[in-house]
1. To the nearest whole number, what is the average tally of beta carbon atoms from other chains within 10 Å of the beta carbons of peptide B:25-34?
2. What relative contact order, as a whole-number percentage, does chain B give when Cα pairs under 8 Å and 6 or more residues apart are counted?
3. With the contact rule set at Cα under 8 Å and sequence spacing of 6 or more, what percent relative contact order holds for chain A?
4. Rounding to the nearest 20 debye, state how big the charge dipole of the protein assembly as shown is about its Cα centre with +1 on each Lys and Arg Cβ and -1 on each Asp and Glu Cβ.
5. For a test of the definition: using alpha carbon positions, the gyration tensor, and the 1.5 limit on a/c, classify the range A:228-363 as rounded, prolate or oblate.
6. From the residues A:HIS204, B:PHE143, B:SER28, which one has its Cα farthest along the dipole of the protein assembly as shown in the positive direction, the dipole being from +1 and -1 charges on Cβ of Lys/Arg and Asp/Glu about the Cα centre?
7. Could you size up the charge dipole of the range B:3-155 around its Cα centre, putting +1 on the beta carbon of Lys and Arg and -1 on that of Asp and Glu, and report it in debye to the nearest 20?
8. How far apart, in nm, are two points set 7 Å out from the Cα along the Cα-to-Cβ line at A:ASP44 and at C:MET90?
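Bear in mind these aren't lab numbers, they're just calculated from the coordinates by the rules spelled out. Treat the numbers as computed from the prediction; the structure is a model and nothing was measured. Every residue, glycine among them, receives a Cβ derived from its backbone with ideal geometry; neighbour counts consider all protein chains shown.
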Amino acid sequence: MPKPITPPAVDRVYTLNLGPQHPSTHGVLRVLLDLDGEFIVKADPVLGYGHRGHEKMGENRTYKQFMPNTSRMDYLSGLLYNHGFALAVEKFAGIEVPLRAKYIRTICAELNRISSHLLWFGTYVMDLGGFTPFLYAFDDRENILDILDRVSGSRLTYSYCRFGGVCRDVDDTFLEMTRAFIGRLRSRFPDYHNLVTKNIIFIHRTRNVGVIHPEQARQFGVTGPNLRACGIPFDMRKVEPYEIYDQFDFEIPVGTNGDALDRYNVRLEEMEQSCRIIEQALDRMPKGGPYLNKSVSFRLAPPKGELYFAFESARGLTAYYLVSDGSPYPYRCHIRVPSFSNLHVLTDVFCGTMVADAISILGSIDVVIPEIDR
Amino acid sequence: MMKRDLILQKLRKLLPEGAVSEDEGYESGVAFSARVPVARIVEIASACDHAGAYLESMTGLDFEDTAEIVYHFHTYEPKSRFSLRVLFPHEEKIPTLSGIFSSAVWLEREVREFFGYVFADHPDPRNLLLPEDADFHPLRKTFGKIAAYRKREEIYA
Amino acid sequence: MGSLVTSEWFRLVLGLVIVLAFSQLNALFLVWLERKVAGHIQLRIGPKEVGPFGLLQTIVDGLKLVGKELITPRSADSRLFPIAPVLVFMPVLVGFLVLPFAPNLIIRDMNVGVLLIFAFSAFTVLAILAGGWASNNKYALLGAIRSVAQNVAYEIPLLLAVLSVVLMVNSFQFSEIVKGQERVWFFLIQPVAALIYLICATAETNRAPFDIPEAESELVAGFHTEFSGMRFGLFFLAEYTNMFIVSAVATSLFFGGWHGPFGLDLGVPGIVWFLAKTYVLIFVIMWVRWTFPRLRFDQLMNLSWKFMIPLSLANLVVTAIVLKLV
């Protein structure tokens, strides 16, 4: 990997304002890059363009009213956030969930994870200058959106989960569509590998680019596929299984170098593993039964105390930290978002890379800025 | 032996009796929680750092009688999250952890701007998410509309 | 009157008019073709609303561009900024003067035709640098710098590849080179040179995967970030016309120009052969663009200096030795 040979003289350094309106910042990120020629000397992300105060809103709403907010933080995996929030409150207030609802939620959550990874795949290759895989990925993602649209009535911010289940039952068409989609996605993977993974230019653009060392990842609190690419098999679905993930047979893909290529491979393999989870869930799902515990009160009030609930969103370890004073309004509602740490590590990783690599690294990290801004 | 238990042993040794409370069933999402005096947070956190834990989350709490910061750590092993809690008067300055965990730089910036809890010797005390000229602290219970402002013992009996 | 029609001046003026008309129409057609090709590669159908098969789409887009305000940034170089788009389009037009469309369809069959085309295409770099510098924008400047470095690096293997062909016919004249390929097209004798030429030509025209001067995911739009309206349009037209020129030159140098394969004409006029081959090459360039990601700047430089230049030099030496021996 090229590095500047000598530390640059101060007068050679100039500042490039990358963003907030820039084609590759995935949301509204602004990075002040101090450059020496094309080499980055210092990177200073400027955040907060999408700050809406979700944590403050959480304190002023009942738990149920806060549910739609959760899918608006990471809008690419909104259902995973819904799911996590529902699980957190259920655990906090001791709500029973019917088994069928658990399966429905798992299937939808994994579908959402695939859709998020597909979008990442497309935009990442586009950041590297390959436009075509973007549309291939969106074509596949469209199928997921159609499936989730049928059950939740929404294509991006689902708010599908409820405390004690889901808001609508699924029918046989949903199951057929999901099965058909899994088959279709599997048949598309060889195309993706031929078009992108085996492409010599792609490999040159990603191998040994943006290496995150395990120690660096620990220092900055990196989680999710970015951490697993460094070789640490840390996935909440395995480490602290929630919902019914302990009943499925799936693997946690890990990388070795922690470079952009490993992050790419980990995410692609994760899509395959999600397919496996969905298939198993489809086979074992109870044919009938309730999909929602209807005894949950609108103004439910968990007992006094606190709860820290962590789950695996598409981008890494996400957690809700809820403090209850026994009223229907949470006293404190903190959300630990993975992109926050994943972006922070870039201030370290960027140094000494070229602008073109910085774009590649930023893409490979897969950040969603509104999630950080909250 | 799991890193979590090593850290638990170490904290038991370092902290006075009763400061560490265990949660056997992992009910609140942490294996144990330790109440740390403000002056010793750097020492305790660096002990966690040496044991291989990472700083997962850090957030403030605002009570009528006291301010609090909760640090959540994890060691990548099953069910090994633990928390450190620091209680201090609202105006007091808290030592920064940015010398131990790089992630603390941003986390502390966030806590500072949203709660107004000031960290002594912080390397970069600018706002992170709020506008750079914002001089208000939105997550303080004295800001905007709130449901209740409580004393700490009303929640944590 | 008769003397006027046959006079050299009349020929030149008529040629220029035809060239202007052809280059514009060709660029409009190529933009449409690019969008169609991209569309079908990407499981879409591309433009289809305006005119039959969407053929009028680019004309409408062009009209829109003409109607847009020409914004000159306040801090831009007020003299250089408006000139740059004209500078970039001018040398491209000159190329048409020497292109051998058919045996009698060359505007000026100069004995240094090959040199003239490459001399003027090198001029494009200057225009891009002027545009990027005059914009007074860091993205534009970065794009311009990249463009200069890239064009300098790729011109060398490009010319070395062309030189191997020139050695074989002992002439810089396009008509001579094409005549030399009546039986066998040169790409069969000079496959390495042909390949090097095609790669370098793609780089010369700043097309993907070598489009780093305008890499939209890094530099927004590179050297033409600040250009609006028809000024941007001229950069755009120049790119597509340039693509036609390099493909036409490739056709004449390596793919037999107006000749059919293996001396078979099949009764088809020379110009049809010529245009067909040129458009096939253009299609290949588009195909490559929509398949590959972009190289990084230093990798691009390495490819040229460490690989293409030694290879083209070796190819030239081998050609010279073989020609001497035979």
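1. Counting Cβ atoms of other protein chains within 10 Å of each residue's Cβ and averaging gives 3.
2. Result for chain B is 20 percent.
3. So the answer I get is 26 percent.
4. For this selection, approximately 1000 debye.
5. Oblate shape, in that a/c is at least 1.5 and b/c is the bigger or equal ratio.
6. The Cα lying farthest towards the positive end belongs to A:HIS204.
7. 280 debye
8. It is 4.4 nm.
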